Structures are given as structure tokens and as C-alpha cells.
């Protein structure tokens with residue numbers, strides 16, 4: 001059996017692992033420390049079901065805290081009470097499966113239950129994120145190595161001692177040999193700072209023009225230009241014409257839009273003088289922010305299952321917003337073996353929330369695991385950063401990429 005400690009000490013370990021998601025920003029610290037959750041729970045003495053849940057609860061309460069900021073940022077500070085309730089309920093639901101973790105089989109079951117639907121639709125902060133940090137470029141093998149480490153820790157004697165050594169040395173070897181795959185120069189992600197129109201027609205038209213200007217500026221010389229998720233309020237014929245008439249010849253734009261025709265948060269493909277009225281991809285993850293209201297006929301609805309689509313001969317996977325923190329959608333992506341990942345998000349609401357950093361950290365970890373290039377397109381609110389700040393950041397990234405290639 002694994003060594004045991006008092007519940008309080010295991011709880012401190014768990015809380016520390018959860019706090020890494022907050023302090024790490026969009027770095028890989030949070031994904032790396034997510035492996036601390038099963039390790040902390042396994043330290044609790046056998047037979048202590050409630051203690052195991054409490055230890056897991058400490059991890060989720062800390063790591064899921066940005067939910068409160070996301071609710072108040074999206075709906076307004078007067079809705080802080082709803083944010084607190086959602087935070088507490090999500091943390092409790094994700095903690096319950098860890099009562100099973102009295103042995104290696106139970107720990108593996110807890111990881112899978114919290115990563116896969118139905119609970120997996122809120123399965124953020126999963127220990128599966130650690131596979132991309134510890135074993136980059138290994139895809140399914142990396143997941144098996146991560147999950148296989150649990151029985152090794154539980155097994156006494158030489159297997160635990162030498163098995164752990166092999167895993168550590170293997171992780172070091174994979175990281176030393178790993179080189180991040182960069183997207184083609186002809187693929188460009190557009191970073192914007194546009195506030196929602198809130199059904200104001202004039203503001204919507206102005207926003208569309210802002211999207212066009214950002215695309216022309218950032219996409220100069222590119223073949224494929226990628227925009228943030230839901231950057232357009234609709235995909236009506238007038239919006240399609242406004243965009244397609246401005247796109248340079250030979251260019252393809254992949255635009256995040258709320259498609260009323262398909263009732264989905266979707267990715268739309270458009271080019272010079274023509275637009276595809278149907279989405280090439282729909283959001284598969286749980287739509288947050290009140291966009292999904294099952295009992296309302298006109299509500300946007302998740303697709304639940306997503307497929308790759310082809311652009312310029314490449315298999316493309318679009319990860320939209322909350323999908324970026326949901327392991328089950330990334331497992332779908334791994335099974336379909338895309339050539340490029342599009343990380344499209346719209347974080348105008350995240351005035352002081354760390355949620356966007358968690359999204360990007362999780363995305364980076366899974367892209368590393370799959371060894372697939374990543375094109376990022378993010379919309380930030382004006383209150384977070386000015387557009388000039390964003391341009392400077394991404395100009396620096398492009399300069400680094402050019403020097404490496």
C-alpha cells in the first residue's frame with residue numbers, strides 16, 4: 001500500500017496543487033501540479049471515504065474559484081451569489097468520485113469519471129492534463145504512462161522504488177527531446193479587443209468592421225486567418241456579405257460566430273466574395289454564460305460531438321472556449337488525429353478572472369501531448385489590455401517563431 005498521512009497534511013498537499021492553476025497563469029505549472037490531486041487523495045488512510053472527498057474538495061475549491069469571477073464578469077457583480085453557488089456545486093460534484101480512491105483501481109475510476117461525461121462536462125482541472133507536461137509528444141502512450149504510475153505508487157517494494165525512477169527518467173528524456181511544433185507561417189491567429197454589441201444593431205455593425213480591420217491587419221500575407229470564438233453576434237446574410245466582400249483574394253477566414261440558423265456557437269468559413277452558410281465546426285463543450293438554456297427553443301445548443309474539418313488540405317480541430325479545459329473533448333481530438341489545433345476563445349468578460357489562463361494552460365498541455373501545432377485566437381475585453389498591448393505581445397511571439405524556424 002502507499003504510505004499514509006493525516007488528512008490535514010494530505011489536504012494541504014491537495015490545496016497547493018489546486019492553487020498552482022491560479023498562480024501559474026497560462027504556464028504549464030497548473031497542468032503539471034494536477035497530478036498532485038490523486039497523489040494527495042491516495043495519502044489518506046484506507047477506509048476514510050469522507051476524508052478522501054474532503055481532500056479532493058480542497059483541490060477543486062481552490063482551482064475552481066475563477067468560476068465566481070467568470071459569472072460576475074459575464075452577468076455583472078450583482079450576480080456574485082449565483083457565482084458562489086455554481087463554484088461550490090461544481091467543486092462538490094467533482095470531489096465525490098474520489099471517495100472511490102482507496103486503491104489503484106478506485107483512483108483510476110475517479111480520474112475517468114471526472115474526465116468523461118456526464119460529470120466530465122464540468123471536468124476541468126483533470127489530472128490527465130499532466131500527461132502533456134510529463135510526456136510530451138507521446139499521445140496515447142503518455143496517458144497510459146500517467147495512469148500506469150498510480151499502480152506503481154500503490155505497489156510496495158522494488159516495483160515502487162524502481163518504477164518511480166523509470167517514470168521520472170522517462171519524463172526527463174521525453175522533455176529533453178521534445179521540440180514544440182509551430183504552425184505554418186501561412187496560418188495566423190487574430191487577437192482582438194471587442195466588447196459584445198448586446199443586440200445593439202449599430203454596435204454590431206461597428207464590431208463587424210472591427211473584426212474586418214483586425215483580420216486585414218494581422219492576416220496580411222497569410223492564407224488562413226483564424227478569429228476568436230463568438231466574435232460575431234450572428235451569421236446572417238448581411239454579415240456574410242460584409243465580411244466576404246472585404247477578404248483579400250486567395251485568403252480563407254475561419255470566424256467564430258453565433259449561428260442562429262444552426263443554433264450553435266460555431267466556426268464559419270468564408271473567403272473572397274463567398275461564404276459557407278453552414279458551420280464547419282460547432283462547440284461540443286457545455287456552453288456557459290447562459291447561452292445554453294435547454295427549455296428555450298431559440299437557445300444555442302452544444303453539439304456534444306465534434307469532428308475535424310479540412311482547410312487547405314489540413315485536418316483541423318477547433319477547440320472553442322470551455323472545451324479547452326474539458327478532457328473528453330481533447331480525447332475526441334486525439335482520436336481524430338488533426339494536423340492543426342485552433343484555440344478560439346472570447347474572454348471579454350474576464351476583467352480580473354484567471355479563467356482564461358487556465359484555459360490556455362490546459363490547451364498548451366494537450367497540444368504538447370499530441371505534438372500538434374497550435375493557432376491561438378483570443379478576444380479580450382478593453383478593460384484587460386489595450387489592443388496595442390496585445391499586438392506587441394503577439395508580434396514578439398511571431399518574432400521568436402521566425403528566429404526559431
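At a glance:
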item	result
Meets criteria (in a loop (DSSP other than H, G, I, E, B), surrounded by 21 or more Cβ atoms within 10 Å (Cβ to Cβ) and at pLDDT 95 or above) for residue 228	yes
Residue list for the stretch 112-126, filter: outside any helix (DSSP H, G or I) and either under 12 Å from residue 95 (Cα atoms) or in contact (Cβ under 8 Å) with a residue 12 or more places away in the chain (or both)	116, 117, 123, 124, 125, 126
Count - residues of the stretch 114-125 that are in contact with a helix residue (DSSP H, G or I) (Cβ under 7 Å, 6 or more places away or on another chain) and farther than 20 Å from residue 21 by Cβ	2
The stretch 273-302, subset within 14 Å of residue 320 (Cα to Cα) and at pLDDT 75 or above, residue surrounded by the most Cβ atoms within 10 Å (Cβ to Cβ)	283
Selection count where residues are surrounded by fewer than 24 Cβ atoms within 10 Å (Cβ to Cβ) and touching a helix residue (DSSP H, G or I) at 6+ places or on another chain (Cβ under 7 Å), scope the stretch 252-269	0
Residue pairs meeting the criteria (Cβ under 6 Å; at least 6 apart or on separate chains; first under 22 Å from residue 75 (Cα atoms), in the stretch 198-226; second surrounded by 16 or more Cβ atoms within 10 Å (Cβ to Cβ))	203/197; 204/197; 204/233; 207/194; 207/197
Wholly enclosed strands (runs of 3 or more DSSP E) of the stretch 299-352 bearing at least 1 residues touching a residue at least 12 places away in the same chain (Cβ under 8 Å) and farther than 30 Å from residue 22 by Cα	309-311, 314-320
Helices (runs of 4 or more DSSP H) completely within the stretch 1-79 that count 3 or more residues being closer than 22 Å to residue 152 by Cα	7-23, 29-33, 36-42, 49-63
Qualifying residue in the stretch 71-78 (condition: without any contact (Cβ under 8 Å) to a residue 24 or more places away in the chain and under 18 Å from the mean Cα position of the chain (by Cα))	yes
Search result, residues across the stretch 303-330 that are modelled with pLDDT of 95 or more, touching a helix residue (DSSP H, G or I) at 6+ places or on another chain (Cβ under 8 Å) and surrounded by fewer than 17 Cβ atoms within 10 Å (Cβ to Cβ)	315
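Yes/no per residue for (1) at pLDDT 95 or above; (2) touching a helix residue (DSSP H, G or I) at 6+ places or on another chain (Cβ under 8 Å):
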{"residue": "8", "(1), (2)": "no, no"}
{"residue": "23", "(1), (2)": "no, yes"}
{"residue": "32", "(1), (2)": "yes, yes"}
{"residue": "44", "(1), (2)": "no, yes"}
{"residue": "47", "(1), (2)": "no, no"}
{"residue": "50", "(1), (2)": "no, yes"}
{"residue": "53", "(1), (2)": "yes, yes"}
{"residue": "61", "(1), (2)": "yes, yes"}
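The values are calculated or read from the model by the stated rules, or taken from the named source; none is laboratory data. Since this is a predicted model, take the numbers as computed values, not measurements. Positions of Cβ are backbone-derived with ideal geometry, glycine not excepted, and every protein chain shown enters the neighbour counts.
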